[in-house]
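Below is one structure; the comments refer to it alone.
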2 protein chains.
Amino acid sequence: MTDPRDALRAWFLGPRAENADLLERLVTEALRDHVFWRRNFHPEDGFTISERDRRAPGFDEAVATLTQELLGLLAELKRDVPFFSGRYKGHMVFEQTIASQVGYFAAMLYNPNNVALEAAPVTTRLELEVAHQLAGMIGYDPEGGWGHLTGGGTIANFEALWIARNVAYLPLAVRWAAADFGVEVPVRLPGGDVAPLAALDLHTLLNLHPSDALDAWQRLRAAGPPDVVARTLAGHTLGAAGYQEYSRRIAAAFPDPLPDSVVLVAATAHYSWEKVVRALGIGGDQLRHVPVDAHCRMDPDALWESLVALARSRTPVMALVSVCGSTEESAVDRLDQVLEVRARAAVELGLAFHVHSDACYGGYAASVTRDAAGARREGAAIRRDLGVPWPTDEWVAAITALGGADSVTIDPHKLGYVPYPAGAFLCRDRRARELVAVTPPYLAPAGNDPTGDEFLGRFILEGSKPGAAAAAVWLSHKVLPLDERGYGYLIGQTAIGARRLHAALAAADLGSFRAILLPEPDINIVCWLLTHPRCTTLGQVNELNEGIYRMMSLHRADAAPEYIITRTRFESPQYDGAVPPLLEQLAVGSLDEWRGPEGGLVVLRATVMDPFMAAPPPVPDHVAGFVGALRRAAVEAMQGEK
Amino acid sequence: MTDPRDALRAWFLGPRAENADLLERLVTEALRDHVFWRRNFHPEDGFTISERDRRAPGFDEAVATLTQELLGLLAELKRDVPFFSGRYKGHMVFEQTIASQVGYFAAMLYNPNNVALEAAPVTTRLELEVAHQLAGMIGYDPEGGWGHLTGGGTIANFEALWIARNVAYLPLAVRWAAADFGVEVPVRLPGGDVAPLAALDLHTLLNLHPSDALDAWQRLRAAGPPDVVARTLAGHTLGAAGYQEYSRRIAAAFPDPLPDSVVLVAATAHYSWEKVVRALGIGGDQLRHVPVDAHCRMDPDALWESLVALARSRTPVMALVSVCGSTEESAVDRLDQVLEVRARAAVELGLAFHVHSDACYGGYAASVTRDAAGARREGAAIRRDLGVPWPTDEWVAAITALGGADSVTIDPHKLGYVPYPAGAFLCRDRRARELVAVTPPYLAPAGNDPTGDEFLGRFILEGSKPGAAAAAVWLSHKVLPLDERGYGYLIGQTAIGARRLHAALAAADLGSFRAILLPEPDINIVCWLLTHPRCTTLGQVNELNEGIYRMMSLHRADAAPEYIITRTRFESPQYDGAVPPLLEQLAVGSLDEWRGPEGGLVVLRATVMDPFMAAPPPVPDHVAGFVGALRRAAVEAMQGEK
């Protein structure tokens, strides 16, 4: 087996472009291979562009324009962000694997469109294969589940909630369709009993486990010819009727009204969830944040309390969004405990709902828990191999629980180290995709398509989409398998690097400045803030850290920053669980002040996606370099205040 | 000025990869340029990957794996679709401009993320520049308008309707917020009168012109401090409340209920509109098709009749979607007439609504109407230059009217000849984007950002997105300007080619088969069907054409197809205006049969995006070749029936 310690250095172009020869060789290979493919296609057609054409003055002028403008673009790009460098610790991006760069370029020359097999016979299959691999990694049964790539995490999360909504209201549609056919459809209740759909009240109908709702739908299919059943059911869906008409139908059928369904999200949830609930018509007010603990993980006790209160007010829960790798802190919710709370809520409160894991950032970290044969690794074995007290057994339990979520989103363009755009949506029960399906006349499959996989566009929000993205992810997975030999090793190194940085910050001599750190990160984002004896109010502390951020970001106007970081703002009530211990160490500002209108706490972030930070010198010592740069930035920020 | 006749042959790699040397030179240039950028960044950091590392056995094994798997991918890609060939006449894709391929690759090495300037300082600006160029081409004032790139047309269309919905309900939010502040906000009514918002009934509130609604909102801003007004207004929006709660608030405030708002679309509208209305919670039932005429263009008389009926039932219209370049036929709605109908409806019916043009396919054709200085060209001058009776003055009027639409979507990855993914959303009034804005704490601009352009992710559905796509479109626009010298010439050639094919099919000797053609296309998609004396029912005609399609598509299992086409199915009532003349020529089947459950009409499509089809031999004569191949496919399909 290839030793990943050596292989790591072949996976990337490198901070000094050390592997430039390799990338150039492969790119040229891919280009020439494509060129000769074109020449082999109906060679009898002859030439459309002759050598004489290529000697026309206008041809030459066009080439001159293209070359000149490209040189202009290349010059512009010099002002771009050095994501590839160990000095970049900003957003969730590092450099991309050579495999993904070459895979993208090779397929881009063919420009396949993964909307349908007819427009992408090769890369559509690669996309489904990639989805299978990701599903396997998180513990789904790839045959029963389904997945595909998206343009990014927001679209993937949108699809998750779109499907969750359609599943949540499915029991109503099935009940009304069953009434049209005069048949009785039994369904399993959260507590385990079975009852006919027609006998249930609204609250119970909106509190069926997703699988049970899909099972009821399947039972309905016996009521008539497939297309008649499908058409009848479709007429009773929220998708067809729209929210306004559906609300009226519900009010007419169930005179005892319920509060609007809510969507629970971890307080650390990405801002796009707000976009998603607004766009879907669910409403931002229905997005309810579940508080997090000191590690910025969803607090299972707080979740239970929320559910108790919602049960008391008879408020249905459309979906619960747990986070695996929060954007700001890389916090990994204890999904195992979240699922336990759900199970308890089913039995004790009669509540059931879709559980989604937004693992856009953290999903790939599941590869740490897989061995070469795909079996799950024990925490102790991983820790021994990595030589650090990470991951904990609890972390492994949380990651293992991903297989129990109803849907999971994972962005290959984050910890998959592939170029934008590449998100992924995965759902545990492939039947659910039919609830969002639309088929256009010009893309209807010509032959048998029992899997429905000939035409992805039917089941997804997007239409035309780059097959090149699928090729990029696919080739990267071939070179870096989703286990301890590939991504598992790579991400393990970043976790080690983040721990080195965390320890260095905690122990650093920062002169009169003092670092206050969040706990060690669940993956690889280190969060901290600095204070200084002269900062006597929360506002001054925030100003100091905002100033440091400006010195350590591309906003710095006077010089290139030595290192690049980002910052965020912890606000109440989302961070009620995480901020008190920080304020206590800060010894400045009160909780009330923090919660006030001028409040919030500016926190600095270093995203360690650079696997080379794990190693001590002779590789560039960016841990020591970072600490020094932070100190200099703090001094400058403080002077800037004078 | 470069002669576009010569330049055309330098714009593409070419069907035989005739320009392989050029593409390889530029790709290598871009790659090496990037390599040396990396080396110039903090050279004092030294090397992370040493030459010794590169000689480790594990390194070599990793390179072997990568090379081997890439060769496997390249072998797989040989089975991809030859979009580049004159023999491909299938979906809306041809090959990509060299400029876009190189621009994409060059920027991809930097992997900028256009979600925010901080993650893409260069390509975010390129994206905004590209949006300006497209806005200028269609006749928007680029300063007053706003636009950006998306992953594709579906997302762009989604944003258009998302914004249209928020503008449609804005008057309610402004009215309720004004009441909170105790101020009066006047608004202009469709007929031209001005009235206070508080005095209007629900039907009038939902029938304000988008600009008037935005003006009213602007007036509200005087009511208090900006953030207080913004927060108060936000609390009264549909986005915050969600559809269910909003319906209750409306019912409470306006006891006289209205039917649900509808979305009118041209009957030729893309299937994604169904996805969009379902996802947004508007409901598929609220999507109403406006019949098309024999040219497959929205029928303005039918539109007027629909509006009269909707006014009578007091049904608000949320938006009207007109099509510029329909997916199946490249039909261009007479948007000028549609806008006249809207103006008339405002005065005579008191109706007002957002007009969107789905120009995902046809938008780039507006470049035909622009001269080098950006001025609008007359139809006669264009026809004289092209030497064909296209475009008509009416077509030019329809294209000119794009500037009057409230929003327009245009896909660079269609008639812009750039790689996937690249759609674009444009709106005429940039104020509207604030209605969908969400700001996350970790991406808040650090400095002044008066334009709001530092952080695109605030205003769009997507989040992370490839800056490389912006670079691709930008570089392509630099080489092929959006006027008669560039895209205008290119698309003009495809229109000529489509006319050559249309004429050849009309005049072809097809033996005992007979071709029935739709009128000459508005852009470049030729539609027709074949019949045979032995086809005596509509079912048999459809079977024949479905058989021909199979022979001329990648579904053909026994051999590679000579030419590749696609097919669609014209169904009632969407195609009630277009099918009767076809059935008349067919002399088989009745309108009732066509409308029946086994009905519909299979129509064959050839998309002529290949600009080289315009020229007679000595370039490969794909017009004659196509006709011959069609005849052979028809004979085979007929035998297959026996």
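Here are some notes:
- Residue in the range B:335-349 that is assigned to a strand (DSSP E or B) and open to solvent by 10 Å² or more (accessible area, probe 1.4 Å) present: no
- The residue list A:Y246, A:Y169 contains one member that is among the aromatic types (F, W, Y), at pLDDT 95 or above and more than 31 Å from the chain's Cα centre (by Cα), which is A:Y246.
- Of the set (1) within 7 Å of chain A (Cβ to nearest Cβ); (2) over 30 Å from A:E95 (Cα atoms); (3) open to solvent by less than 40 Å² (accessible area, probe 1.4 Å), all apply to B:L8 but (1).
- In this entry, B:L339 passes the filter for residues that are farther than 29 Å from B:R567 by Cα and touching a residue at least 60 places away in the same chain (Cβ under 8 Å).
- Residues of the range B:102-115 satisfying the condition of being within 22 Å of the chain's Cα centre (by Cα) and facing another protein chain (nearest Cβ under 7 Å): B:G103, B:Y104
- Considering only residues in the range A:472-522 that are within 20 Å of A:P4 (Cβ to Cβ) and among the β-branched types (V, I, T), the one that is surrounded by the most Cβ atoms within 10 Å (Cβ to Cβ) turns out to be A:V473.
- Residues in the range A:63-100 that are within 7 Å of chain B (Cβ to nearest Cβ), closer than 28 Å to A:A606 by Cα and of a type in the set (S, T, N, Q): A:S85, A:Q96.
- When B:A495, B:A560, B:A506 are checked against the criterion of being among the small types (G, A, S) and in contact (Cβ under 8 Å) with a residue 40 or more places away in the chain, a single residue qualifies: B:A495.
- Taken as a whole, the structure places A:P597 among residues that are at pLDDT below 95, at negative phi and within 12 Å of chain B (Cβ to nearest Cβ).
- Looking across the range A:543-594, just one residue is within 28 Å of B:L117 (Cβ to Cβ), crowded, with 20+ Cβ neighbours inside 10 Å and away from every other protein chain (no Cβ under 13 Å), and that is A:L544.
- Residue count for the range A:425-459, restricted to those that are part of a loop (DSSP other than H, G, I, E, B) and modelled with pLDDT under 95: 17.
- Residue within the range B:9-21 that is over 24 Å from A:D45 (Cα atoms) and either in contact (Cβ under 8 Å) with a residue 12 or more places away in the chain or not aliphatic (A, V, I, L, M) (or both) present: no
- Pick from the range B:116-127, criterion more than 8 Å from chain A (Cβ to nearest Cβ) and open to solvent by 30 Å² or more (accessible area, probe 1.4 Å), ranking: nearest to B:T409 (Cα to Cα): B:R125
- When B:A422, B:A398, B:A405 are checked against the criterion of being open to solvent by less than 10 Å² (accessible area, probe 1.4 Å), modelled with pLDDT of 95 or more, within 14 Å of another protein chain (Cβ to nearest Cβ) and over 18 Å from B:L490 (Cα atoms), B:A422 stands alone in meeting it.
- Residue selection: A:L339 satisfies the criterion of being out of contact with any Lys or Arg (no Cβ under 7 Å at 6 or more places or on another chain) and farther than 27 Å from A:S100 by Cα.
- Helices (runs of 4 or more DSSP H) contained entirely in the range B:2-83, each with at least 3 residues that are under 30 Å from the mean Cα position of the chain (by Cα): B:4-11, B:20-40
- Residue list for the range B:408-424, restricted to those being outside any loop (DSSP other than H, G, I, E, B) and among the aromatic types (F, W, Y): none
- Some residue of the range A:88-101 being within 18 Å of B:R25 (Cβ to Cβ), surrounded by 24 or more Cβ atoms within 10 Å (Cβ to Cβ) and touching a Ser or Thr at 6+ places or on another chain (Cβ under 6 Å): no
- Selection count, the range A:128-163, where residues are within 13 Å of chain B (Cβ to nearest Cβ) and either under 13 Å from A:D411 (Cβ atoms) or open to solvent by less than 30 Å² (accessible area, probe 1.4 Å) (or both): 16
- Within the range B:604-616, residues that are at pLDDT 95 or above have Cβ atoms under 7 Å from residues that are among the charged types (D, E, K, R) and open to solvent by less than 10 Å² (accessible area, probe 1.4 Å) in these pairs: B:A606/B:K89; B:T607/B:K89; B:V608/B:K89, counting only partners at least 6 apart in sequence or on another chain.
- Residue satisfying all of: in the range B:24-39; at the interface with chain A (Cβ under 7 Å from one of its Cβ atoms) and surrounded by 18 or more Cβ atoms within 10 Å (Cβ to Cβ); farthest from A:I49 (Cα to Cα) among these: B:R38
- Of all residues in the range A:361-382, those satisfying the criterion of being open to solvent by 10 Å² or more (accessible area, probe 1.4 Å) and under 25 Å from the mean Cα position of the chain (by Cα) are A:R370, A:D371, A:A372, A:G374, A:A375, A:R376, A:R377, A:E378.
The values are calculated or read from the model by the stated rules, or taken from the named source; none is laboratory data. Here the structure is a predicted model, which means the values were calculated and not measured. Cβ sites come from the backbone with ideal geometry, for glycine too, and all protein chains shown count toward neighbours. SASA here: full protein model, heavy atoms, side chains in, ligands and nucleic acids out. Shrake-Rupley method; radii C 1.70, N 1.55, O 1.52, S 1.80 Å.
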